[in-house]
Each structure stands twice: as structure tokens, then as C-alpha cells.
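Notes to accompany the following structure.
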């Protein structure tokens, strides 16, 4: 069993080409990963990795072992999935990705309820954006993810993944309460500084597309992932923002006025899972997310 643990650590290192990244995936320290690597090399009597710039690279022996380690990982994971599905037990490690606003209002409460009902579930939650989540799901480093789409962006629809519409919601403009005259559309707000999620995100691309379509260049001065952080800047009078209703629900709205744009904007949240993952814990997560969605209010779309 100890050798399998070391092989699992080596597999993570080989996949990422970095001790630090492997440690982050395994939720252990970098020194623990290095220690396991050294023990595995001593047991096998050969060098598996060597320094390469700021990272590492596999030796010839390392390449051979990495190929077999991938096969062992797939076999162990498949066996675990099949045994769990047969038993019907809701439990085990559950790795979930989500955009920050979904973590605060959907994922957090839903997972807390799931763990209360099924104490053997071990949740792991990370935030991020759709492109990395799709890659992590395909590589079996995530089990489920909530990703967002706006009019100006989408995500890769891989045949190995299944996406269900979880929520379809309006997007409002958040403007400082003292701003006059108050803009009624994204175009009318073009002269004001904007705070949006980082470049490549749905909100960023939506502001850019709408204004450039009108022949205008957006003044994007602030890029902040958290809608709560964005609203702090809006309340301070520094910027305007686009805020989905879900993100707005738990925010401190003092000093902020929300305006429904004349040209309506919408955000959609999708629950993405792997088609071959039939474990009861994934079905239980879906049910808990739907329940939390319904508790937040009527949704204009669902699974």
C-alpha cells in the first residue's frame, strides 16, 4: 500500500512536471512529495526525475514508470467508482470546481447539506474559470464543476463531459448611488471606468463586445474576480460593473444602485460532470445543488 501511495505521488509529479503543483493537487507539502519521490527511487534503485530549469523532467526510467503509473491510476479509479456504484454508498472524495459567486451562494450551502446527510463524503472545492475546469474534469482531477457562460463566451463541449443548465439569470449594472445622470445601458456607461472579472471571463468579454460593437473602447481599470470586491469599488464611486442576480443576493448593497439594462443581459450556470461517472455521490451533489438553487428563488432554467 505504501508503494502505491508513492506511485500516486510520482504520477502527480509526472503529470504536472512540478513538485509544487503535485503537492497542490494532493493537498500535501512539497517536502512530503520530495520525500516520497526519494523513497520510491531508493526502492526501485534508479533515478526517476532530474532538475530542469525551475521544474523537473523525467529520466528514461521515469518516462517508463509514468506510463505504467497512469494505467494503474485509471484502473484503481475505475475499480473504486464501480465498487461505490454497486454498493450505492454516498461517500468518498468529491472534488468540485466553481466560479466564486457560485461557491458562496450555491456550492457552499449545497455541499454543507450533503456532508450533513452523508458524513462519509469528503469534499474538496476550488475556484476558477471554465477552461481550466473542463481540462481538470477531462483529466479526472475534478468530479464536478459549475461554470458560467455569458452572451460573449462559452466553454469546450467535450464528448466525455455532460453539461446541464442549472440557472439562467438576469445581469444588472451596478452603479454608484450618487452617480447622475444614471446610465440605463452598457453603452451609456461607456464614459465611466469599469470593474470586471479578469480578461477572458464572460463579464470582461461582454463589456468589450457591447462597447466595441457601438464603436467605443471600454475603460476597464479594475479586474477583480470577486463580485463582492467589485461592488466595494462601485460603492466607493470608482467604477461601474455587471453583476448577476445570484452574486448580488449576498452582497452589501450600500452605496450601490442596480439598474436593469435596456438591452437585457443574462448569465447561465452549468453543472458539468463526466458521462462515465455514475457514483451515487455525484447524483447526491446534483440533487443538493438543485435544492439550494430552489431555495434561492425561482430559476428560469434548470436541470
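The values are calculated or read from the model by the stated rules, or taken from the named source; none is laboratory data. Computed from a predicted model, the values in this text were never measured in an experiment. Cβ atoms come from the backbone with ideal geometry, glycine included; neighbour counts cover every protein chain shown.
Here residue 209 fits the description: more than 30 Å from residue 143 (Cα to Cα) and in a helix (DSSP H, G or I).
Consider region 212-229. How many of its residues are more than 21 Å from the chain's Cα centre (by Cα) and either part of a loop (DSSP other than H, G, I, E, B) or closer than 28 Å to residue 98 by Cβ (or both)? Within region 212-229, residues that are more than 21 Å from the chain's Cα centre (by Cα) and either part of a loop (DSSP other than H, G, I, E, B) or closer than 28 Å to residue 98 by Cβ (or both) number 9. Being surrounded by 15 or more Cβ atoms within 10 Å (Cβ to Cβ), touching a helix residue (DSSP H, G or I) at 6+ places or on another chain (Cβ under 8 Å) and at pLDDT 90 or above is a description that applies to residue 111.
Against the list (1) closer than 30 Å to residue 122 by Cβ; (2) at pLDDT 95 or above; (3) in contact with a strand residue (DSSP E or B) (Cβ under 6 Å, 6 or more places away or on another chain), the condition residue 288 fails is (3).
Please go through region 228-250 and pick out each residue that is within 17 Å of residue 130 (Cβ to Cβ) and modelled with pLDDT under 90. Once the filter is applied, which keeps residues that are within 17 Å of residue 130 (Cβ to Cβ) and modelled with pLDDT under 90, region 228-250 yields 246, 247.
Taken over region 206-219, the residue count meeting the criterion of being touching a helix residue (DSSP H, G or I) at 6+ places or on another chain (Cβ under 9 Å) and crowded, with 17+ Cβ neighbours inside 10 Å is 1. Within region 145-167, the set of residues being at pLDDT 85 or above and over 9 Å from the mean Cα position of the chain (by Cα) comprises 148, 149, 150, 159, 160, 161, 162, 163, 164, 165, 166, 167. Put simply, of 221, 274 the only residue that is assigned by TED's automatic domain parsing to the domain that holds residue 94 and at pLDDT 90 or above is 274. Looking across 74, 95, 67, 42, one residue alone is at pLDDT 85 or above and within 25 Å of the chain's Cα centre (by Cα). It is 95. Of the candidates 191, 172, the single residue that is touching a residue at least 12 places away in the same chain (Cβ under 8 Å), assigned by TED's automatic domain parsing to the domain that holds residue 259 and over 27 Å from the mean Cα position of the chain (by Cα) is 191.
Checked across region 41-57, the condition of being in contact with a helix residue (DSSP H, G or I) (Cβ under 9 Å, 6 or more places away or on another chain), under 28 Å from residue 126 (Cα atoms) and assigned to a helix (DSSP H, G or I) holds for no residue. Scan region 99-135 for residues that are touching a residue at least 40 places away in the same chain (Cβ under 8 Å), in contact with a strand residue (DSSP E or B) (Cβ under 9 Å, 6 or more places away or on another chain), more than 25 Å from residue 248 (Cα to Cα) and in a helix (DSSP H, G or I) and jot them down. Listed by number, the list holds a single entry, 134. Can you pull out every residue in region 170-205 that is in a helix (DSSP H, G or I) and surrounded by fewer than 21 Cβ atoms within 10 Å (Cβ to Cβ)? The one that is in a helix (DSSP H, G or I) and surrounded by fewer than 21 Cβ atoms within 10 Å (Cβ to Cβ): 205. Take the conditions (1) crowded, with 18+ Cβ neighbours inside 10 Å; (2) in contact with a helix residue (DSSP H, G or I) (Cβ under 9 Å, 6 or more places away or on another chain); (3) more than 21 Å from residue 243 (Cβ to Cβ); residue 148 misses just one of them, which is (3). Any residue that is surrounded by fewer than 18 Cβ atoms within 10 Å (Cβ to Cβ) and within 24 Å of residue 280 (Cβ to Cβ) - is there at least one of those in region 125-137? Within region 125-137 (the criterion being surrounded by fewer than 18 Cβ atoms within 10 Å (Cβ to Cβ) and within 24 Å of residue 280 (Cβ to Cβ)), the answer is yes, since at least one residue qualifies.
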